[in-house]
Amino acid sequence: MDGKEVVINITHLSKVFIRDRRRIIALDDFGLEVREGEFVCLLGPSGCGKTTVLRIVAGLEAKSGGSAKVEGKEVRDAGPDRGMVFQEFALFPWRTVRKNIEFGLEVKHVPETDRADVSKKLIEFVGLKGFEDAHPRELSGGMKQRVAIARALANDPKVLLMDEPFGSLDAQTRNLMQKELLRIWSARRKTVLFVTHSVEEAVYLADRIVVMTARPGKVREIIDVPLSRPRDRTSREFITIRSKVLGELEEEFEKARAGELSPE
Amino acid sequence: MRSLTKSLSKVFISNWLRLTLSAVSLTVFLTLWWLFSAYLRADWPFQGVTPSPSTADYIPYWWDVLRAVGRSFVTRPQNTGGLLMSEHILASLKRISIAFVLALLSAVPLGLLMGRSRNAEALGRPLVELFRPIPPLAWVPIFLVIFKFFWGPIAIVFLGIFFPILLNVILGARSVDPVLIDAARTLGARRGTIFGKVVFPFTTPYLMTGITVGLGIGWMCIVAAEMLGAVGGGVGYYIFAANNTSQYELMYAGMVVIGMLSVLTTGIAGLIERWLYRWMGKK
Ligand SMILES: Nc1ncnc2c1ncn2[C@@H]1O[C@H](COP(=O)(O)OP(=O)(O)OP(=O)(O)O)[C@@H](O)[C@H]1O
Ligand SMILES: [Mg+2]
């Protein structure tokens with residue numbers, strides 16, 4: 001918040017899906033500013049529109065109203081300036097680790113030797129040395145997500161959008177990947193918008209935590225996490241912030257449940 | 001199917017059980033064939049029974065068929081166009097290859113389009129459903145009139161190969177995981193690139209199924225296609241002519257050759273597949 005440039009600027013964003021002739025209001029007047037180099041986590045009950053926010057910023061989904069700007073420009077289409085990491089990894093199964101990472105460079109017609117340079121460095125950077133020529137099916141979940149992160153980084157995007165990237169990993173791997181992600185984030189100075197279900201993950205990773213309301217999703221509360229890194233999950237400050245976020249979230253969970261029970 | 005040489009070496013070198021099993025099934029088949037031929041001729045071990053010489057003409061001993069295969073490569077028999085088997089094989093291979101290349105070049109882009117675009121699908125589907133169930137054989141008279149003796153047989157084989165490829169490519173293109181397309185888009189890929197680098201590679205295994213099935217049907221069609229006298233002969237023409245002139249050993253010889261050619265083209269399809277996979281891993 002120290003006068004750094006606003007990279008992601010979302011105002012009055014709304015999204016209406018139409019399914020079986022019914023209007024589903026996923027987002028309603030959602031607003032958020034993310035500054036350069038910031039790590040922001042989106043947290044909220046299931047179905048509140050977290051993925052939708054990310055997909056709109058990525059340019060994968062059209063918005064219904066409001067504005068979503070990245071570096072001052074209204075988002076119209078997907079582009080390599082916004083890297084995205086999916087929960088399902090979304091690796092190309094027929095490509096090796098190296099060729100997965102080089103995908104974005106191929107698209108940009110970067111010469112082969114330069115591509116190889118970039119992917120070599122990235123493979124080392126994310127700790128995949130020795131697996132250059134492996135195919136995704138030969139990798140564990142954590143390794144797959146390392147490939148997906150490296151693939152997104154290869155385009156050197158300003159913004160990294162991550163949709164529950166560690167959601168399907170076991171607890172051990174998850175903790176390790178969180179550490180790794182922070183290392184990557186601080187080394188590469190990326191602006192990160194990170195969706196998660198886990199309060200602990202959010203408190204461990206984020207500079208700020210955005211708690212969303214139950215559907216239609218808007219911002220309920222933004223909670224700062226002024227702890228220095230690396231963070232100690234058992235420290236009193238950590239636990240205090242975690243309880244606060246959890247309290248906010250629980251009310252929304254209640255609302256979401258009540259909403260599910262009452263006929264729409 | 002992935003790689004014929006690999007699977008062959010697996011069956012014939014490293015896996016004795018499978019080698020034995022394959023030998024058993026082949027032996028059983030040849031034994032039954034031999035017993036049936038011997039029965040019709042009242043040869044050993046059926047000396048007692050009444051022979052049926054008219055049927056026996058149609059069922060020669062299998063070793064006579066093998067001998068006929070060998071002979072067909074070195075002698076020019078009467079009434080089968082006066083060509084050597086190698087010349088017939090070349091003629092058929094040429095026909096199949098032209099039909100295959102044409103089918104591939106048309107079915108793959110059409111299939112990708114119809115699998116990815118609802119409008120293209122709506123345009124193409126009625127025609128596909130209308131023409132697909134018609135046996136290629138039914139077209140023989142019309143095609144020979146319209147396309148004449150060079151392109152007519154090719155067109156019939158083409159139909160046999162075209163539809164399996166088209167339908168499999170449509171299915172493959174339709175089942176592309178949407179998240180892969182999203183991923184490609186966030187990596188900067190646009191429509192054309194996505195077709196080339198995501199949809200097509202994803203569809204390749206389906207394409208290979210289509211090619212394998214299509215080539216099989218293509219060989220089935222070749223007898224029909226060459227029936228009415230194709231220029232420059234052909235194995236199908238050879239079978240037909242041998243049958244017409246009651247040279248049944250030669251007819252079977254032609255059938256054996258078609259079987260072997262089909263194995264050969266399936267093997268080539270396996271090589272193409274491996275090459276494609278390697279290419280996709282690289283590009
Ligand atoms: N393509 C779509 N068509 C119709 N409705 C959709 C579509 N995508 C999302 N929705 C609806 O919009 C709402 C928000 O979805 P979204 O996936 O953004 O939620 P989420 O917060 O990411 O949920 P989760 O925590 O389960 O991932 C949900 O109610 C969902 O059913
Ligand atoms: Mg989601």
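When B:Ser106, A:Ser46 are compared by accessible surface with a 1.4 Å probe, the order from highest to lowest is A:Ser46, B:Ser106. Annotation: the antiparallel percentage among DSSP beta bridges lying fully within chain A is about 55.
Here the dipole of the protein assembly as shown is about 720 debye; that uses its Cα centre as origin and unit charges on the Cβ of Lys and Arg (positive) and Asp and Glu (negative). If the segment from A:Glu74 to A:Ile25 were pulled out straight at 0.36 nm per residue, it would be longer than the present Cα-Cα gap by 15.5 nm.
In what order, largest first, do B:His88, A:His197, A:His12 sit by accessible area if the probe radius is 1.4 Å?
Result, largest first: A:His12, A:His197, B:His88.
Annotation: B:Phe162 carries an accessible surface of approximately 30 Å², with a 1.4 Å probe and no ligand, DNA or RNA atoms counted. Bridging of A:Lys15 to aspartates and glutamates at a Cα separation below 13 Å is possible for A:Asp28, A:Asp29, A:Glu61, once same-chain residues fewer than 8 apart are set aside. The 1.4 Å probe gives accessible areas that order B:Trp34, B:Trp151, B:Trp219, B:Trp63, largest first, as B:Trp151, B:Trp63, B:Trp34, B:Trp219.
Most simply put, the stretch A:57-212 has about 20% antiparallel DSSP beta bridges, counting only bridges with both residues inside it. Using bins of 10 Å that start at zero, the share of Cα-Cα pairs per bin across chain B amounts to 6, 22, 26, 24, 14, 6, 2, 0, 0, in whole %.
Suppose every K and R has +1 on its Cβ and every D and E has -1 on its Cβ; what is the size of the dipole of the stretch B:1-150 about the Cα centre, in Debye to the nearest 20? Walk me through the numbers on the way to the answer.
Working: 15 positive and 6 negative charges, 130 e Å.
With Lys and Arg at +1 and Asp and Glu at -1, about 620 debye.
For the residues A:Val192, A:Val110, A:Val210, a GNM of chain A with alpha-carbon springs under 10 Å puts the largest fluctuation on A:Val110. With Cα atoms defining each centre, the stretch A:195-264 and the stretch B:32-58 are spaced 87 Å apart in the structure.
Pairs from the table (A:Lys218/B:Lys197; A:Lys218/A:Lys244; A:Lys144/A:Lys218; A:Lys120/A:Lys190; A:Lys158/B:Lys197) lying more than 29 angstrom apart at Cα are A:Lys218/B:Lys197; A:Lys144/A:Lys218. Between B:Asn79 and B:Arg190, the modelled label-to-label distance comes to 6.6 nm, taking each label 7 Å out from Cα in the direction of the beta carbon. For the protein assembly as shown, the solvent-accessible area of protein heavy atoms averages 49 Å² per residue (probe radius 1.4 Å; ligands and nucleic acids excluded). A probe of 1.4 angstrom, applied to the heavy atoms of all protein chains, finds A:Met84 with accessible area near 10 square angstrom.
The values are calculated or read from the model by the stated rules, or taken from the named source; none is laboratory data. Predicted model only: the values in this text are computed from it and were never measured. We place every Cβ from the backbone using ideal geometry, glycine too, and count neighbours over all the protein chains shown. All accessible areas refer to the heavy atoms of the entire protein, side chains included, with ligands and DNA or RNA removed. Shrake-Rupley method; radii C 1.70, N 1.55, O 1.52, S 1.80 Å.
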